[in-house]
Amino acid sequence: MNGQITVKACNEIYSSEKVSVDYRDRAESALLDVVNRSGKGNEWLGWMDVPSGFDSDSYNELERVAKRLGVLDAVVIVGIGGSYLGTRALVTLLSDGVDRDAPEIMYAGYHLSGRAFDKMKRKLEGKDFGVIVISKSGTTIEPAISYRLLNSLMAERFNDSEIALRTVYITDPEDGALRKMSTEKGIDCFDIPKSVGGRYSVLTPVGMLPALIAGIDIKEIIRGAADVYNSVKNRGEAFNNITEYVAARNAMYDEGKKIEIFGSFDADFSYMLKWWQQLFGESEGKEGKGLFPVSADFTTDLHSIGQFIQQGDKSFFETMLVVDNPENCVTIPPDESDYDKLNYLAGNDIEFVNRQALEGTCKAHVDGGVSLIRIEINGVKEYSIGQFVMFMQFACAASGYMLGVNPFDQPGVEDYKRNMKHLLNC
Ligand code: PA5
């Protein structure tokens, strides 16, 4: 593996009696249950096989469709939860953002706000756009309504065969409305394997097709994920680091820290943290158990929840993402007048200042009594992000097992849907 994800807990956690051999042994055994497919919900472990199943045929098929949609002005990704967050995370984090040749990537189907939809509709006026609808079940109401609205927008401007060329589905291999429509209307359709649940699906076409359209090197993402899988299977470094994270967070939980705040000092990491939040929240929060996952964007949130973290109730612990070797690209210029008294920073890269903010924050939080875990990744590149995704999927599954829950179901999510359908007289 070139570059690893490492996990380091602060002295307070290491010296805690809770992160003892016992916790490490239990975390290790939970991780082995994942790898050996011997735990609860083991019919949902298909995400482990996604990197090895990614061959040149799968790449070519994605590339064929990506090239077709890649010439459009905009592509709207329609999906919610696991069919949306990881995709948006990859595109936000890894796309160039200023590539004039790539279509603008927009998102719909992740809310029911009429105002937001109306804004997007106006933004699409005059744009040659396409739609990728992502829904494993094909029945989720938010993406279904958005797709209906987008499809009627397309119908105002394009004929049936033009619409078919501008539309792609990503769904269950056999079931659901999208699968049926794809067959009947001749629309391209990619599979989300039966054995892969929504929040574990970002490495399937769910994340890979939009990423490819956005100009991201998806082969490198898959290579990073595959290396973590192989290292876990062979009990290498990734196995040890995942065990460390799982042991530390479960020990903190048992000590009464019921909230995990995951912070990062990379502004573009925001959606990746939201992906992490959903992954852990939906996987662990059940049967009256689970750490409540909260994401924090620093330094932004140092000016909001920073005060609480420093001096408020300590019912949480903090996990800090540290990017080793961040790209240095923006030098702070000198200013003759120096009204802001910042000339002492002139000539430094802004990432140097960011790093000092990170180290200063970690020290202040630990001094203030915060238990802190550092997760270090080697740069923000396709390879390291592929590693990060696979690392967290394993950590989440093993943490769920350690907690004694099935990390692959989400029975509670159905309750709001039932009430809403009842109110809508469905
Ligand atoms: O992780 C999950 O399973 C959920 O978050 C789903 O991804 C989300 O509810 C969307 O479901 P679907 O893809 O069936 O539309």
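With the structure loaded, tell me whether PHE239 is away from the ligand (no atom under 16 Å from the Cβ), touching a Pro at 6+ places or on another chain (Cβ under 9 Å) and aromatic (Phe, Trp, Tyr) or whether it fails that test.
Here the answer is no, as PHE239 does not meet what is asked.
Could you tell me whether MET392 is open to solvent by less than 80 Å² (accessible area, probe 1.4 Å) and not assigned by TED's automatic domain parsing to the domain that holds GLY256?
Working: open to solvent by less than 80 Å² (accessible area, probe 1.4 Å): yes; not assigned by TED's automatic domain parsing to the domain that holds GLY256: no.
The answer is no for MET392.
Exactly one condition in (1) touching a Leu at 6+ places or on another chain (Cβ under 8 Å); (2) part of a loop (DSSP other than H, G, I, E, B) is not met by ASP313; state its number.
Checking ASP313 against (1) touching a Leu at 6+ places or on another chain (Cβ under 8 Å); (2) part of a loop (DSSP other than H, G, I, E, B), the one that fails is (1).
When ALA155 is evaluated against the numbered criteria (1) more than 15 Å from the ligand (Cβ to nearest atom); (2) open to solvent by 50 Å² or more (accessible area, probe 1.4 Å); (3) within 26 Å of the chain's Cα centre (by Cα), which criterion, by number, is the only one it fails?
Unmet for ALA155, out of (1) more than 15 Å from the ligand (Cβ to nearest atom); (2) open to solvent by 50 Å² or more (accessible area, probe 1.4 Å); (3) within 26 Å of the chain's Cα centre (by Cα): (3).
Is it true that some residue in region 78-98 is open to solvent by less than 20 Å² (accessible area, probe 1.4 Å), under 12 Å from GLY130 (Cβ atoms) and under 22 Å from the mean Cα position of the chain (by Cα)?
Taking every residue of region 78-98 in turn, at least one turns out to be open to solvent by less than 20 Å² (accessible area, probe 1.4 Å), under 12 Å from GLY130 (Cβ atoms) and under 22 Å from the mean Cα position of the chain (by Cα).
Take ARG179 and tell me if it is within 15 Å of the ligand (Cβ to nearest atom), part of a helix (DSSP H, G or I) and out of contact with any helix residue (DSSP H, G or I) (no Cβ under 6 Å at 6 or more places or on another chain).
yes
What residue, among those in region 181-213 that are in contact (Cβ under 8 Å) with a residue 40 or more places away in the chain, out of contact with any Gly (no Cβ under 6 Å at 6 or more places or on another chain) and open to solvent by 10 Å² or more (accessible area, probe 1.4 Å), is nearest to VAL168 (Cα to Cα)?
Result: ASP188.
Select, from ARG64, ARG115, the only residue that is over 25 Å from VAL196 (Cα atoms) and assigned to a helix (DSSP H, G or I).
Exactly one of ARG64, ARG115 is over 25 Å from VAL196 (Cα atoms) and assigned to a helix (DSSP H, G or I), namely ARG115.
For region 244-257, what are the residues that are over 22 Å from the mean Cα position of the chain (by Cα) and either more than 13 Å from VAL21 (Cα to Cα) or among the basic types (Lys, Arg) (or both)?
MET252, TYR253, ASP254, GLU255, GLY256, LYS257, listed by residue number.
Of the residues in region 271-299, how many are under 16 Å from the mean Cα position of the chain (by Cα) and either away from the ligand (no atom under 15 Å from the Cβ) or among the hydrophobic types (A, V, I, L, M, F, W, C) (or both)?
Residues flagged as under 16 Å from the mean Cα position of the chain (by Cα) and either away from the ligand (no atom under 15 Å from the Cβ) or among the hydrophobic types (A, V, I, L, M, F, W, C) (or both) within region 271-299 amount to 10.
The values are calculated or read from the model by the stated rules, or taken from the named source; none is laboratory data. Remember, predicted model here, so these are calculated numbers, not experimental data. As a convention, Cβ positions derive from the backbone with ideal geometry for all residues, glycine included, and neighbour counts pool all protein chains shown. SASA here: full protein model, heavy atoms, side chains in, ligands and nucleic acids out. Shrake-Rupley method; radii C 1.70, N 1.55, O 1.52, S 1.80 Å.
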